[in-house]
1. Only one of these is at the interface with chain B (Cβ under 7 Å from one of its Cβ atoms), surrounded by fewer than 22 Cβ atoms within 10 Å (Cβ to Cβ) and at negative phi: A:ARG135, A:ARG183, A:ARG193, A:ARG164. Name it.
2. Does the range B:110-123 hold any residues that are in a helix (DSSP H, G or I), within 13 Å of chain A (Cβ to nearest Cβ) and surrounded by fewer than 20 Cβ atoms within 10 Å (Cβ to Cβ), and which are they?
3. Which numbered condition in (1) away from DNA strand D (no atom under 16 Å from the Cβ); (2) open to solvent by less than 70 Å² (accessible area, probe 1.4 Å) is the only one that B:ALA88 fails?
4. From the list A:ILE76, A:ILE46, A:ILE57, which residue is surrounded by 21 or more Cβ atoms within 10 Å (Cβ to Cβ) and either more than 16 Å from DNA strand D (Cβ to nearest atom) or farther than 30 Å from B:ASN168 by Cα (or both)?
5. For A:VAL148, which of the numbered conditions (1) of a type in the set (A, V, I, L, M, F, W, C); (2) surrounded by fewer than 20 Cβ atoms within 10 Å (Cβ to Cβ); (3) at the interface with chain B (Cβ under 8 Å from one of its Cβ atoms) fails to hold?
6. Which condition from (1) more than 8 Å from DNA strand C (Cβ to nearest atom); (2) at pLDDT 95 or above; (3) more than 15 Å from A:SER124 (Cβ to Cβ) is the one that A:ALA2 breaks?
7. Condition first: open to solvent by 50 Å² or more (accessible area, probe 1.4 Å), within 13 Å of DNA strand D (Cβ to nearest atom) and not assigned by TED's automatic domain parsing to the domain that holds B:VAL148. Can you find one or more residues in the range B:30-39 that meet it?
8. So is B:ALA41 outside any helix (DSSP H, G or I), within 20 Å of B:LEU114 (Cβ to Cβ) and in contact with a helix residue (DSSP H, G or I) (Cβ under 9 Å, 6 or more places away or on another chain) or not?
Protein chains: 2
Amino acid sequence: MAGEEPGRRMAARSKRSDAVRNQQALLTAAAEVFTTSGVNAPIRQIAARAGVGLATIYRHFPTRADLVTAVYHHQIEACADAGPALLASADTPLAALRQWVDLFVDFLVTKHGLADALQSDSASFATLHAYFLDRLLPVTARLLDAAVEAGEIRPGTQPYELLRGIGNLCIGRDDNPDYDPRRLIDLLLRGLRSEA
Amino acid sequence: MAGEEPGRRMAARSKRSDAVRNQQALLTAAAEVFTTSGVNAPIRQIAARAGVGLATIYRHFPTRADLVTAVYHHQIEACADAGPALLASADTPLAALRQWVDLFVDFLVTKHGLADALQSDSASFATLHAYFLDRLLPVTARLLDAAVEAGEIRPGTQPYELLRGIGNLCIGRDDNPDYDPRRLIDLLLRGLRSEA
DNA sequence: TAATATGCGGAACAACGATCCGTTTTGTCA
DNA sequence: TGACAAAACGGATCGTTGTTCCGCATATTA
């Protein structure tokens, strides 16, 4: 990626220093605003906190999803990586699945409005949805397959279904402190188990 | 405050005919717009179709939830009434619960964006949320209790949890035709069953 | 018919997402 | 170094939507 030629001249111009500085400032500001006001906070608010203009934020992150993705990139990757690790360390595949789901739920629940955004039909969030699926679907599939193969759960459940169900159940936890998605997700996983 | 209270003095003035006509036109227009553009359609669109001004819609239905509630009032009542009826007609309480949940899901799924609105943290939808809970929570509780008493499901599940979980799982079905909440809800109910 | 409560319509304001354009900054090369 | 063009910037601006306000119209009643 460093050898791109932005035109005909050979010496690729390096990225301007103010650009990278602003991008960093935006990431920091967005992370702060997201935790205080949720991932649906007004763009202006983020731009203001970063001390940049409106166009700058759109230039670096064309859609809101791009910004959200960038902010949570590391955590999403960590969650994806945790899948195989848990499969190796847990007692049984189903236990690994449970622990991984716990991780995933923790992630979703601590980011205000993230679960909501994930299922939003807004076009701005389409790429976020895609990114989550791209990284987490294979992990879910592997965990499910392992549990099926071990005879712990019934076959036939699609990874997408499970991921989506978990995401959906995490929606709207913010306003209602006495709603705990984990209990319902536990029911869901329980319903997955093979009979007898 | 020696001033006379409006409408107290003499025979209460009957409602103006244009007012009731407009209210009816708004209900019809809203029902149409809701089915085509979802329950989050712009207020202006509804007002335009009804052929009334903006203020008129706000006068009759101060919040969007009031309009939604009015439009779906009959169906919500029918859903609530179906609970006891199914309990009487079904083979077992759990079967009744399943059938009733099916009804509820059908209702939610056919109203675009209704499930989304139900869990929305927007203040406009607070009263809608409250209305649903007010009518359907007792029904859910009765179905759950009966199934517990019959030993078909484990005790300990709160009616609100179940209702909310079902509602959440129905969110966002519109955009993704290959997402069927019913399968996940079936898993949820399966997870409810008492151990053999 | 006249008086008045009641209701009406649309202008107006605010918040937000998204875009556009004149200006500034930065890196490069003579 | 100094000038130039690409790159980036900032904020004005537009379009959309929710919500309120106010002068005007009208149905009802006396």
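The values are calculated or read from the model by the stated rules, or taken from the named source; none is laboratory data. Just so you know, these numbers come straight off a predicted model, no measurement behind them. Cβ placement follows ideal geometry from the backbone for every residue including glycine, while neighbour counts extend to all protein chains displayed. The protein model used for the area step is the full one, side chains on, heavy atoms only, and it has no ligands, DNA or RNA in it. Shrake-Rupley method; radii C 1.70, N 1.55, O 1.52, S 1.80 Å.
1. Among A:ARG135, A:ARG183, A:ARG193, A:ARG164, only A:ARG183 is at the interface with chain B (Cβ under 7 Å from one of its Cβ atoms), surrounded by fewer than 22 Cβ atoms within 10 Å (Cβ to Cβ) and at negative phi.
2. Scanning the range B:110-123 gives a single hit, B:ALA123.
3. (2)
4. After ruling out the rest, the residue left standing is A:ILE57.
5. Only one criterion in (1) of a type in the set (A, V, I, L, M, F, W, C); (2) surrounded by fewer than 20 Cβ atoms within 10 Å (Cβ to Cβ); (3) at the interface with chain B (Cβ under 8 Å from one of its Cβ atoms) is unmet by A:VAL148, namely (3).
6. (2)
7. yes
8. yes
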